[in-house]
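Visitor: The structure follows.
The values are calculated or read from the model by the stated rules, or taken from the named source; none is laboratory data. Keep in mind that this is a model prediction, so the values were computed, not measured. Cβ coordinates were reconstructed from backbone atoms using ideal geometry, including for glycine residues, and neighbour counts include every protein chain displayed.
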Amino acid sequence: MKNQIIKEFKERFTSSPTLYASAGRINLIGEHTDYNGGFVFPGAIDKGIMAAVAPNAGERVRVYAVNLGEYAEFGLEEKDAPRQSWARYVFGVAREIIKRGGTVKGFDAVFAGDVPLGAGLSSSAALESCFAFALNDLFNDNRIDRIELARIGQSTEHNYCGVNCGIMDQFASVMGQRGKLIRLDCRSMEYEYFPFDPADYELVLIDSKVKHELAGSPYNRRRESCERVAARLGVETLRDATMDMLEAAKSDISDEDYKRAKFVIEEKERVLTVCDALLAGDYEEVGRQMYATHRGLSADYEVSCEELDFLNEVARECGVAGSRIMGGGFGGCTINLVAKDRMSHFVTEAVGRFRERYGHAPEVYPVVISAGARRLD
Ligand code: GAF
């Protein structure tokens, strides 16, 4: 990827660029808890975005997206927002830096990536954090700290891409470290790295290929449900709600909002249970919590689909320790915690049975927990 990006850059521009990289993410547990002030447990992965970037001494941005074969050119004022959705991520990051008092001048860039699109692995966060990191390095002497870089990516989603997401994806993409998952408290933004290298288990993703798309999706409506219930319970976010509080208010809440809030309240406890289980080396317990998350995401939060429920069932039948939908839902992958000696049987069964039922094979991605945003020297 590196050589191709440099070659494409040289064909289009005359300056010498600096190379930056960032990562997609997985999440072990803690789904839809981030925008509710709860806990999440993500890590960066070895699939990401790489970009060659150089200031061009002007006021315009010229970007080429290798995988799409598309070029975009735009200015840096609010009125200059480009049409292409991928270019809006780059524009949004630049605008959010400027809004915070930072500097961004014209630049040229070529980027490529290997995060599968629409698989729920946060290709958009990878793109945002790659450019946030690059523009901080090239124009701001790295004065913006990493957590603010994650917030810049999140605000880009809110203000330029129509997704009212939480902070998890951008945080993992910016803060990820090799071999470590991160437990993040999305209310206080306190975080802790957890080495993840179990001797007897591995994580694998099975991609249903059902395209997950959050922009304009019911994702924002899930968030609105949670905010309605929090307001009704008199708490800032559902992080401060309990099942007792929810039960007491049940008659004033729609059935749908009740189910959404119930999932979130239960999910925040599951993250803490998983942390204890990880510390005790109890991976079977980690796995049980993952299945419970899947049930909640499917029945109460209603962000699953038939294909993902099918993959979850195959995992259970194959004796996989834990399996669940990962990320925002509405398609994408399941994440599976599998005893090493069951891995090949599970993957063969999942691929074969899925193909038989849906007429195409799912993709299989082993998970390698890797570094987040960085400059490549
Ligand atoms: C998407 C969002 F971008 C995250 O903020 C998070 O809410 C996730 O869905 C669900 O946990 O990836």
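Visitor: For N142, state whether it is without any contact (Cβ under 8 Å) to a residue 24 or more places away in the chain, out of contact with any strand residue (DSSP E or B) (no Cβ under 6 Å at 6 or more places or on another chain) and either at positive phi or away from the ligand (no atom under 11 Å from the Cβ) (or both).
Guide: On the way: without any contact (Cβ under 8 Å) to a residue 24 or more places away in the chain: yes; out of contact with any strand residue (DSSP E or B) (no Cβ under 6 Å at 6 or more places or on another chain): yes; either at positive phi or away from the ligand (no atom under 11 Å from the Cβ) (or both): yes.
Criteria met by N142.
Visitor: Any residue in segment 64-79 that is out of contact with any helix residue (DSSP H, G or I) (no Cβ under 6 Å at 6 or more places or on another chain), within 16 Å of the ligand (Cβ to nearest atom) and of a type in the set (S, T, N, Q)?
Guide: No, the conditions are met nowhere in segment 64-79.
Visitor: Based on what the data block shows, is A119 in the same structural domain as A52 (by TED's automatic domain parsing), within 16 Å of the ligand (Cβ to nearest atom), under 24 Å from P55 (Cβ atoms) and in contact (Cβ under 8 Å) with a residue 60 or more places away in the chain? Before you say what the answer is, go through the steps one by one.
Guide: On the way: in the same structural domain as A52 (by TED's automatic domain parsing): yes; within 16 Å of the ligand (Cβ to nearest atom): yes; under 24 Å from P55 (Cβ atoms): no; in contact (Cβ under 8 Å) with a residue 60 or more places away in the chain: yes.
For A119, the condition - in the same structural domain as A52 (by TED's automatic domain parsing), within 16 Å of the ligand (Cβ to nearest atom), under 24 Å from P55 (Cβ atoms) and in contact (Cβ under 8 Å) with a residue 60 or more places away in the chain - is not met.
Visitor: If you don't mind, there's one more thing I want to ask. Does segment 298-316 contain any residue that is of a type in the set (V, I, T), part of a helix (DSSP H, G or I) and at pLDDT 95 or above? I'd like the intermediate steps shown before the answer.
Guide: If we filter segment 298-316 for residues that are of a type in the set (V, I, T), which is where we start, we get 303, 314.
Going one step further and asking which of them are part of a helix (DSSP H, G or I), we end up with 314.
Checking which are at pLDDT 95 or above leaves us with 314.
Yes, there is a match, as at least one residue in segment 298-316 is of a type in the set (V, I, T), part of a helix (DSSP H, G or I) and at pLDDT 95 or above.
Visitor: Select from segment 173-192 the residues that are farther than 15 Å from H32 by Cα and among the hydrophobic types (A, V, I, L, M, F, W, C) and list them in ascending order. Explain how you work it out, then say what you get.
Guide: Just the residues of segment 173-192 that are farther than 15 Å from H32 by Cα, to begin with: 173-182, 188-192.
V174, M175, L181, I182, M189, listed by residue number.
Visitor: Determine if segment 330-346 includes at least one residue that is over 23 Å from G24 (Cβ atoms), out of contact with any Asp or Glu (no Cβ under 9 Å at 6 or more places or on another chain) and free of Cβ contacts under 8 Å to residues at least 12 places away in the same chain.
Guide: Of the residues in segment 330-346, the ones over 23 Å from G24 (Cβ atoms) are 339-342, 344-345.
So of that shortlist, the ones also out of contact with any Asp or Glu (no Cβ under 9 Å at 6 or more places or on another chain) come out as 342, 344-345.
Now drop any that are not free of Cβ contacts under 8 Å to residues at least 12 places away in the same chain, which leaves 344.
Yes, segment 330-346 has at least one match.
Visitor: Among the residues of segment 117-136, is any at pLDDT 95 or above, of a type outside the set (F, W, Y) and surrounded by fewer than 20 Cβ atoms within 10 Å (Cβ to Cβ)?
Guide: No, that holds for no residue.
Visitor: Any residue at all in segment 247-270 that's part of a loop (DSSP other than H, G, I, E, B), closer than 17 Å to E31 by Cβ and not assigned by TED's automatic domain parsing to the domain that holds G38?
Guide: So in segment 247-270, the residues part of a loop (DSSP other than H, G, I, E, B) come out as 249, 253-254.
Those still in the list that are closer than 17 Å to E31 by Cβ too: none.
Among the residues of segment 247-270, not one is part of a loop (DSSP other than H, G, I, E, B), closer than 17 Å to E31 by Cβ and not assigned by TED's automatic domain parsing to the domain that holds G38, which makes the answer no.
Visitor: Also: Evaluate segment 311-326: report whether one residue or more is within 16 Å of the ligand (Cβ to nearest atom) and not β-branched (V, I, T). Explain how you work it out, then say what you get.
Guide: Looking only at segment 311-326, we keep the residues that are within 16 Å of the ligand (Cβ to nearest atom), and these are 324-326.
Still in the list and also not β-branched (V, I, T): 324, 326.
The answer is yes, given that some residue of segment 311-326 is within 16 Å of the ligand (Cβ to nearest atom) and not β-branched (V, I, T).
Visitor: Then there's this: Could you please find all residues in segment 146-180 being more than 13 Å from the ligand (Cβ to nearest atom), crowded, with 20+ Cβ neighbours inside 10 Å and under 17 Å from S370 (Cα atoms)?
Guide: If the condition is that a residue be more than 13 Å from the ligand (Cβ to nearest atom), crowded, with 20+ Cβ neighbours inside 10 Å and under 17 Å from S370 (Cα atoms), then V174, M175, G176 are the ones that fit.
Visitor: Does any residue of segment 275-286 turn out to be farther than 21 Å from G37 by Cβ, buried (at least 21 other Cβ atoms within 10 Å of the Cβ) and at pLDDT 95 or above?
Guide: Checked against the condition, which is being farther than 21 Å from G37 by Cβ, buried (at least 21 other Cβ atoms within 10 Å of the Cβ) and at pLDDT 95 or above, segment 275-286 yields at least one hit.
Visitor: Taking S323 and the conditions (1) more than 21 Å from V264 (Cβ to Cβ); (2) modelled with pLDDT of 95 or more, which numbered condition does it fall short on, given that it satisfies the others?
Guide: (1)
Visitor: Look at F133 and say whether it is assigned to a helix (DSSP H, G or I), within 16 Å of the ligand (Cβ to nearest atom) and either out of contact with any Asp or Glu (no Cβ under 9 Å at 6 or more places or on another chain) or not assigned by TED's automatic domain parsing to the domain that holds V274 (or both). Give the derivation first.
Guide: Details: assigned to a helix (DSSP H, G or I): yes; within 16 Å of the ligand (Cβ to nearest atom): no; either out of contact with any Asp or Glu (no Cβ under 9 Å at 6 or more places or on another chain) or not assigned by TED's automatic domain parsing to the domain that holds V274 (or both): yes.
The answer is no for F133.
Visitor: Now a separate question. Restricting to segment 193-234, and then to whatever is of a type in the set (S, T, N, Q) and outside any helix (DSSP H, G or I), can you tell me which residue is farthest from the ligand (Cβ to nearest atom)?
Guide: Filtering segment 193-234 for residues of a type in the set (S, T, N, Q) gives 208, 217, 220, 225.
Filter once more, so that each one left must be outside any helix (DSSP H, G or I): 208, 217.
Details: S208: 16, S217: 10 Å.
The extreme case among them is S208.
Visitor: Residues that are under 23 Å from the mean Cα position of the chain (by Cα) and closer than 30 Å to T293 by Cα: does segment 60-67 have at least one?
Guide: Here is the first cut: in segment 60-67, the ones under 23 Å from the mean Cα position of the chain (by Cα) are 65-67.
Add one more test, that the residue is closer than 30 Å to T293 by Cα, and what stays is none.
Among the residues of segment 60-67, not one is under 23 Å from the mean Cα position of the chain (by Cα) and closer than 30 Å to T293 by Cα, which makes the answer no.
Visitor: Using the structure shown, decide if D185 is under 21 Å from K340 (Cβ atoms) and more than 13 Å from the ligand (Cβ to nearest atom). Can you show your working first?
Guide: Values: under 21 Å from K340 (Cβ atoms): no; more than 13 Å from the ligand (Cβ to nearest atom): yes.
No; evaluated as a whole, the condition is false for this residue.
Visitor: Among the aromatic types (F, W, Y), within 16 Å of the ligand (Cβ to nearest atom) and assigned to a helix (DSSP H, G or I), is that true of F330?
Guide: Working: among the aromatic types (F, W, Y): yes; within 16 Å of the ligand (Cβ to nearest atom): yes; assigned to a helix (DSSP H, G or I): no.
Against the criterion (among the aromatic types (F, W, Y), within 16 Å of the ligand (Cβ to nearest atom) and assigned to a helix (DSSP H, G or I)), F330 does not qualify.
Visitor: Looking at segment 18-43 only, could you name the residues that are within 12 Å of the ligand (Cβ to nearest atom) and part of a strand (DSSP E or B)?
Guide: G24, R25, I26, N27, F39, V40, P42
Visitor: Can you pull out every residue in segment 50-107 that is buried (at least 18 other Cβ atoms within 10 Å of the Cβ), β-branched (V, I, T) and not in a loop (DSSP other than H, G, I, E, B)?
Guide: V53, V61, V63, V90, V93, I97
Visitor: When you go through (1) in a loop (DSSP other than H, G, I, E, B); (2) under 28 Å from M290 (Cβ atoms); (3) of a type in the set (D, E); (4) away from the ligand (no atom under 16 Å from the Cβ) one by one for D46, which number turns out not to apply?
Guide: That leaves (1) as the condition not met.
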